[in-house]
Structure formats: structure tokens, C-alpha cells
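Colleague: Just passing along the structure, written as C-alpha cells.
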Amino acid sequence: MATTRAATKKSAGKKSSAKKIAAPAPGAKKTAVKQASVRKASANRATLKKASVKKSAGRSSSSGKPAALAEYRRKRDFSLTAEPEGKTLDVKHQNLAFVIQKHAASQLHFDLRLELDGVMKSWAVPKGPSMDPAVKRLAMEVEDHPMEYNRFEGTIPAGQYGGGTVMLWDRGNYTYWQRDDDPVARLREGYQKGDFKFVLNGERVKGSFVLVRTRRGESKPQWLLIKHRDEFVREGYDVVAEETTSVESGRTMDAITSGKPHVWKSNR
């Protein structure tokens, strides 16, 4: 019996000792809470930093130039060309600009450029726009161009990227095709969806149009440019055949080529 009581007492002592060892040291709880708070704050900072980097990447590249124009810049050597480099985005929310440039490159075509989010969204339209809703024009989307490109009329030397004569054929403002509190947002949504509806207010081309994307592609997605029916419809009228001079200088393509225009040199 005495032996049993001694064993029980000894066992209790061991439990008490173990319990005493397992107990947290004074201040340990506060330290743990502080460390957890530091880890949480650090995680929050990391999350905010990632979000900031992601947002910044959408606006510009590591060189400080807008990432939206990366493809435009990749095709050009600005040590050789006087083309605008597009160092900054010119973002507006009213009076969005558009321009149509007649371009005698390897093949004659018309470049339709619509301002959106600080750049000129661009399409090469082989036969140019039509004011007849029955006529659907193929439009090949190309790289975004800087806003400064809207002022160019001249000759790009043969052998260079886009070599040939460029005419300012039409220009003006454009907006969403319907009245809306946020027309820029609607235009952006239409472009993303491939159902891009807008109204042009140019010197030669006016009224409601739609660009419909028919095929996606890595380099040149295909669209169709179609005139909507409105008061500006001119069935059977070929506006590109009738209007052959520059809205800027009044010159023909031959006059621009043979004159002394501003010359841009560019290579791929």
C-alpha cells in the first residue's frame, strides 16, 4: 500500500512538472500577436505592390513609354525615323479624334484610325470606306498608333516599313452611336466584343458605322466596316473615287510624292 501511494505521488509530480514546462513564458502571447500583425501588414503591402505594378504595366513599359504602343515601336528604329515615338498616352474623354489616311504602300489602301484610351486604334481598309450600307469593306486591324500620327502627310522611303506616300484623306471627331452617359466606356466595350459601333463626323465621311470582327488573329484580326442607314447614306456613291485630294493640303497623291514633303524613314 505504501509503495502504491509513493508511485502515485511520484506520477503526480511528473504531471505537474510537465504542465509547468508546457506553460507559455510571460509575454510570449503578446509577442506572437505582434508577429502575426507584422506578417499580416507585410502581406497587405505585398498585395498592394502587386496591384500597383499590374496597373502600371497597363499604362507603360519599364522604359516609361506606354505599353499599348509596344508593337508600333518594335517595328521602327527611331534612330533612323522621324515618326513620333509615342512616349506618352494622350487620354481624353470628349471629342475623340478619328483620321483616315490614304496610303500608297505595297498596295494602295486607306488607314482608319479611331482614338481610344490614348492611342489610335487602326485598321487597314483596302478599298476605303463606303457610304452605301450594302457595301461591306474588309478592315484588317493593325498595331495601335500614337496620337501624333494624325498629323502626318508625306512619303515614307521605299524599302522602309510602310514605305510609300501618305495623304490625310479625312479627319474629324467621333463618338458612340447612341446617346449615353459614358460613351467612352460603351466604345471600349464594343471594341472588346468585336461589335464596335460609332458615329463619324468628318469632312467627307459622316454618320453611323459599325466595325464587326469576323476573325481573330495573332497579327491582323479581320473586321468588316459597314455603314448604318441614316441621313448620310449615299447608295451607289464611291466616295474614295470622287474625293482624291488631301483635306490638309489639297494635294493629290502624285503631288505629295513629287513635292518636298516631310520624309519618314522606318524599318521593321
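Here, each number is a calculation from the coordinates, and none is a lab measurement. For clarity, every value in this text was computed on a predicted model and none was experimentally measured. All Cβ positions, even for glycine, are placed from backbone atoms using ideal geometry, and neighbour counts span all protein chains on display.
Colleague: In this model, which of 127/220; 75/193; 121/227; 127/206 are farther than 25 Å apart at the alpha-carbon?
Modeller: 75/193
Colleague: Using the alpha-carbon centroid of each, what span in Å lies between the range 113-146 and the range 157-220?
Modeller: Here the answer is 5 Å between Cα centres.
Colleague: Order the peptides 200-206, 96-102 from the highest to the lowest mean number of other Cβ atoms within 10 Å of their residues.
Modeller: Packing proxy ranking, top to bottom: 96-102, 200-206.
Colleague: Something else: Using only alpha carbon pairs under 8 Å that are at least six residues apart, calculate the relative contact order of the range 187-243 and give it in whole percent.
Modeller: It rounds to 24 percent for the range 187-243.
Colleague: Going by amide H atoms built from the backbone, whose H comes under 5 Å of the H on residue 228, apart from near neighbours?
Modeller: So residue 228 has HN proximity to 208, 209, 210.
Colleague: Show me the trypsin sites (Lys or Arg not before Pro) within the range 134-183 that DSSP assigns to loop and that have at most 11 other Cβ atoms within 10 Å of their Cβ.
Modeller: 179
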